[in-house]
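These notes are about the structure you will find just below.
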Amino acid sequence: MRASLRLVVSALALQALHGAAAAAQQTSQLLVRVHIVDSSGAPVGNADVTVLRGLTEVAATGVTDDAGRRTLSVPHGGAYELVVRRIGFQRGNEFFRGDRESIDLRIVLHRSTQQLPAVKVTAAEDLKRKSYHIDADDIAASQRPIIDGWDVVTKLRPDMIHPRPQSGFDPCGLYYVWVNGRRIMFAPVNDALAAKAAMARRGAKATPHIGVTGIGGVPLNVQSVLSSIHPEHIAEMNYADCNDFSVNATRARNAVFVTLKPGIAFEPGTGSFVADEPVRAVDQLANKSTVAEQVQPTAVAAAPYRARLLGVYDGSTGDPVVDAEVADSASGTFARTTQTGTVSLVFLPEGVSTVRVHKPGYTDAQIAVSISAHDSVPITLVLSKPK
């Protein structure tokens, strides 16, 4: 009897020790030591520093001191994003894992290329940009719950699925998906989405003269790829409709182009993730010819120089040129300039690339751009109108 009692007491004591250890592990904190500098290496004080878990959950926040430093603490485990903002500078960010005791992060902020009033665009151009383009700030500012990249499209940019009426005979709609310069094909299908698609097909039998429309008309592999991308990992999404011939590549129309933030990798079947060895993750993906069509090896790296900025401006007025298509001539991968006329060149591979800039009403321009640790200064390009 006494022996049994001793065994019970010992078991309870051991269980209590395990519980205490687990609780200590859950409540232990990761120290995040942040150092913010500008492109010349000078410290940036009074910068807002925020650590996010997921899209909008704030784990810690603070302001840098005169030396550009700030120490924050967050719970162990999971993945985090450090976001840095300071007036006069472009936003900086870096992803890290919370599986260590402490981490030192040095973020280089780049000054805004130019502060000019927004260029005046036609109502049609402005509407098209609002319908076919979205960036990280737009996603984070959404008042609706956003779970994945498919939510971004269906809730925030439904015109990508239901394009406005177009001239011509080609059918418009979302049929293809590209991630960091690669067209993703034959990705594993999400079972839940497949079940919903089957229901849509059964419902469409009641109106065979109309057929499947809306979300049901988007291929399952496209839905599955977008549903595997975390919204906080998206830097930018652009849609090219059926009359958009700006990208000279197969299946580049009726396509959504997803650009992920630096430090984020993507693999079909896995989705987007914080990469410990980002270049290797992309190289492995490039070898899977049955899964992805490689256009250009675009290294996804956490290094700030990968997000080198290009500013496009009107040669006669100095106004920023909004919604100009900035494309890699080798791969056709492109992004569009924002309201400040700037665009991140994160989609370019390392080394020297030829970039083509196109905007209706202006003469096309080409420029050689170098992406390396020694070439991080923002680039200014002036467009002129035909005489």
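List the aspartates and glutamates whose Cα lies under 20 Å from the Cα of K196, skipping any in the same chain that are fewer than 8 positions away. Cross-link targets: D148, D151.
Which is farthest toward the positive dipole end of segment 227-273 among A252, A235, P262, measuring Cα position about the Cα centre, with Cβ charges +1 (Lys, Arg) and -1 (Asp, Glu)? My answer, from the dipole projection, is A252.
Each reported figure results from applying straightforward, stated rules to the coordinates on display, with no laboratory input. Remember, it's a predicted structure, so these values are computed and weren't measured experimentally. Glycine gets a Cβ as well: all are built from the backbone with ideal geometry, and neighbour counts include every protein chain shown.
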